[in-house]
1. Would you check which residues across the stretch 52-79 are within 21 Å of Asp89 (Cα to Cα) and outside any helix (DSSP H, G or I) and list them?
2. Exactly one of these conditions fails for His49: (1) more than 20 Å from Glu34 (Cβ to Cβ); (2) part of a strand (DSSP E or B); (3) in contact with a helix residue (DSSP H, G or I) (Cβ under 8 Å, 6 or more places away or on another chain). Give me its number.
Amino acid sequence: MNKLTYKNADPLIHGAVKRLACITKVDKLPHHEEQYYYIFWVSHINQIHMSGGLNKKQVLEWFKISEERFDEVFEKDEFICKKCLKRSDQAFNNLINNGDKSCYNCI
């Protein structure tokens, strides 16, 4: 049996990270000097959480991930179905819940 490993993450949320679902960009405002991100993750009790307003350094430190893992989980447009390339809220919902960024038509 595989042992699950967890990482402590956002200090504002009690729990541990079971799975990073995706990382997306926050719209950059003119007064921001750096890019900020939203991180969607699943906790050890299978609840979905969002940590937001973090710069890349904070994401790497808080979630204890590498640059490579950041790039793997980063989504340029989280609402585009990877199969049919159409915009769909369901694609984002499936990505967060199942790790599969597909719309209803492509499931």
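1. Across the stretch 52-79, the qualifying residues are Gly52, Phe74, Glu75, Lys76, Asp77, Glu78, Phe79.
2. (3)
We did not get these values from a lab; they are worked out from the coordinates using the rules stated. A quick note: this is a predicted structure, and the numbers were derived from the prediction, not measured. Reconstructed Cβ throughout: ideal geometry from the backbone, glycine too, with neighbour counts over all protein chains shown.
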